[in-house]
Amino acid sequence: MSTVNLHRRRCGLLLHPTSLPSGSLDNSVERWLRLLAGAGFSVWQVLPLGEPQAGLSPYQCTSAFAMNPALLPDYAPLDVDDKNFTDFCHQQQFWLDDYALFRVLKQQFDDRAWNDWPRPYRFRDSSTLQTANREHATAITLLKWQQYRLHRRWQNIRRQASALDILLFGDMPIYIGHDSADVWAHREQFLLDEEGNMEVVSGVPPDYFSPTGQRWGNPHYDWEQMQQDDFTWWKARINHHLQQFDLIRIDHFRGLEAAWMIDADCDTAVDGHWQKIPGDALLSSIRNMLNNNDGSALPFVAEDLGIITPEVTALRKKYRLPGIAVLQFGFDEFDDNPHKLKNISEDRVVYTGTHDNDTTKGWFNSLPDHVKGQVLHDLGLPHDDSVEAVVERMIEGALHSPACMSMIPVQDILHLGSEARMNIPGTTQDNWQWQLGWQQLEQLEDHDWQSHMRARIETAHRLPDTMPIKADHAATKAENLPY
């Protein structure tokens, strides 16, 4: 079990590995880790590491367990005599066999969705699958070798991060893709019709990001079935993620209290209804699995953006999970807005913006003039101050806030505009493609910049070797914030 102490102040940068200059886990990762440590950051947050389906979204993957092969930095010939490879295949058999066979069958059937395969394959006829495993043995072994090498590389990265006192902060989508190895292999765990088609799909109602809501299109879980086997699949998934990360963000935590059910025939998410989910029972089972019955915090962060009810907050607090605050959401007329800096509490991870937001520079530049004036006023800046000052004041606010962690997208550190935005929710074009340039990486490696950043982090009492317990330091009090 993770030993992350969420009662210590930390700060980190958000950068997905595909946004490294090479887009892969090559030696630029080592450079990235060293610059994080040199600048005083103690957390590296990434998006899901899975293999995207059609498109590039890491939130729609072919497997809830497999890593994205595009992250492999180089080619290495297969070595079937490698005992570590044999051990890996045995230890990961519960997902690896299904994933590798799923991948080769997808190719055999021209990349059609599994529920459009011939019936013996769609319904996993045992003799048919045995024959397929024999016929595709070489391709299946190569896919397993690929996953083994990704696993080894990431474990090496995790060891290096740990040696530098850097936590790896991962991301786990609450839902998984319909056309995935998991749904194909465990269809009884999902709400599907007799042919394997979805009758209801996931999403969220209209909110800040989209006036028609977001229709994600993932299948819903059959929670009754999952509860009968004590959430075996979920616990395997959690265990797998904890082998990769020190801390896990549970995307759309709201879906563990109630899920937005959309008829599969609906084109938008406007028409749907909330259905209660046994998230309390799930988290209790996970806590027991992790031997975490002493009341200490679980190694999770609850992404609780959107429409949050008292029941969702109660569930989060029962299991002592930090929630999320986004400073870009904090500039409205509602005094109780939880994203306003004055309302941010210790049990929060605060962001200037997330991967779903525009960069802070792009966000401010896109605001109407009267809203810009309000932002400048709320930040304590002159009415004619620059966007650069806004970005810096937002970063400063995140660093000095009472939140247990402050996370800053690297785009904001570099003062980049909308051209560097990672994702626009509700759209499918031109997302997930932004990459850090080699010159920008060198800029972050600059000794003077790192010294300056380290001093800022130390002033905010978030430096790794001086991180105080939050309640013991005056910097956590609202009256001592920079604005």
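Observations on the structure shown:
- Taken as a whole, the condition of being touching a Gly at 6+ places or on another chain (Cβ under 7 Å) and either of a type outside the set (A, V, I, L, M) or without any contact (Cβ under 8 Å) to a residue 24 or more places away in the chain (or both) applies to residue 115.
- Residue list for the range 7-39, restricted to those being touching a Cys at 6+ places or on another chain (Cβ under 9 Å), crowded, with 22+ Cβ neighbours inside 10 Å and in a loop (DSSP other than H, G, I, E, B): 9
- The set of residues in the range 374-387 that are touching a residue at least 12 places away in the same chain (Cβ under 8 Å) and not in a helix (DSSP H, G or I) comprises 379, 380, 381.
- Close pairs (8 angstrom Cβ cut-off, 6 or more residues apart or separate chains): at pLDDT below 95 in the range 422-448, outside any loop (DSSP other than H, G, I, E, B) anywhere: 425/214; 426/214
- Selection within the range 274-293 - assigned to a loop (DSSP other than H, G, I, E, B) and over 19 Å from residue 219 (Cβ atoms): 290, 291, 292, 293
- Count - residues of the range 325-341 that are over 20 Å from residue 359 (Cβ atoms) and either at pLDDT 95 or above or not charged (D, E, K, R) (or both): 4
- Residue count for the range 300-312, restricted to those that are within 25 Å of residue 167 (Cβ to Cβ) and either at pLDDT below 95 or assigned to a helix (DSSP H, G or I) (or both): 1
- The set of residues in the range 356-369 being part of a loop (DSSP other than H, G, I, E, B) and surrounded by fewer than 24 Cβ atoms within 10 Å (Cβ to Cβ) consists of 356, 358, 366, 367, 368.
- Residues that are of a type in the set (Phe, Trp, Tyr) and over 20 Å from residue 68 (Cα atoms) within the range 93-125 comprise 109, 117, 121, 123, listed in sequence order.
- Set 47, 96, 78: member being part of a loop (DSSP other than H, G, I, E, B) and closer than 30 Å to residue 232 by Cα: 47
- For the criterion of being in contact with a strand residue (DSSP E or B) (Cβ under 6 Å, 6 or more places away or on another chain), under 20 Å from residue 322 (Cβ atoms), modelled with pLDDT of 95 or more and surrounded by 14 or more Cβ atoms within 10 Å (Cβ to Cβ), residue 409 passes.
- One residue stands out in the range 179-228 among those that are without any contact (Cβ under 8 Å) to a residue 12 or more places away in the chain and in a loop (DSSP other than H, G, I, E, B): the one that is farthest from the chain's Cα centre (by Cα), namely 194.
- Single match in 97, 26 (criterion: touching a Pro at 6+ places or on another chain (Cβ under 7 Å), modelled with pLDDT of 95 or more and charged (D, E, K, R)): 26
- Looking at 326, 371, 390, just one residue is more than 19 Å from the chain's Cα centre (by Cα) and free of Cβ contacts under 8 Å to residues at least 40 places away in the same chain, and that residue is 390.
- When the range 99-119 is filtered for residues that are small (Gly, Ala, Ser) and assigned to a helix (DSSP H, G or I), only 100 remains.
- Filtered residue count, the range 48-103, keeping only those that are hydroxyl-bearing (Ser, Thr, Tyr) and free of Cβ contacts under 8 Å to residues at least 60 places away in the same chain: 2
- Residues within the range 289-317 that are among the polar types (S, T, N, Q) and touching an Asp or Glu at 6+ places or on another chain (Cβ under 9 Å), tallied: 2
- For the range 111-121, a residue qualifies if it is under 20 Å from residue 61 (Cβ atoms), in contact with a helix residue (DSSP H, G or I) (Cβ under 8 Å, 6 or more places away or on another chain) and crowded, with 17+ Cβ neighbours inside 10 Å, and the qualifying residues are 114, 115, 117.
- Residue in the range 67-94 that is farthest from residue 152 (Cα to Cα), counting only those that are among the hydrophobic types (A, V, I, L, M, F, W, C) and modelled with pLDDT of 95 or more: 94
- Hits in the range 229-273 (condition: closer than 21 Å to residue 200 by Cβ, of a type in the set (Asp, Glu), out of contact with any Leu (no Cβ under 9 Å at 6 or more places or on another chain) and in a loop (DSSP other than H, G, I, E, B)): 251, 265, 267, 271
- Filtered residues of the range 459-480 (kept if under 10 Å from residue 400 (Cα atoms), surrounded by fewer than 17 Cβ atoms within 10 Å (Cβ to Cβ) and either in contact with a helix residue (DSSP H, G or I) (Cβ under 8 Å, 6 or more places away or on another chain) or modelled with pLDDT of 95 or more (or both)): 459, 478, 480
- For the range 64-110, the set of residues classified as under 24 Å from residue 26 (Cβ atoms), among the charged types (D, E, K, R) and crowded, with 20+ Cβ neighbours inside 10 Å consists of 103 only.
The values are calculated or read from the model by the stated rules, or taken from the named source; none is laboratory data. Since we're looking at a predicted model, the values are computed, not measured. As a convention, Cβ positions derive from the backbone with ideal geometry for all residues, glycine included, and neighbour counts pool all protein chains shown.
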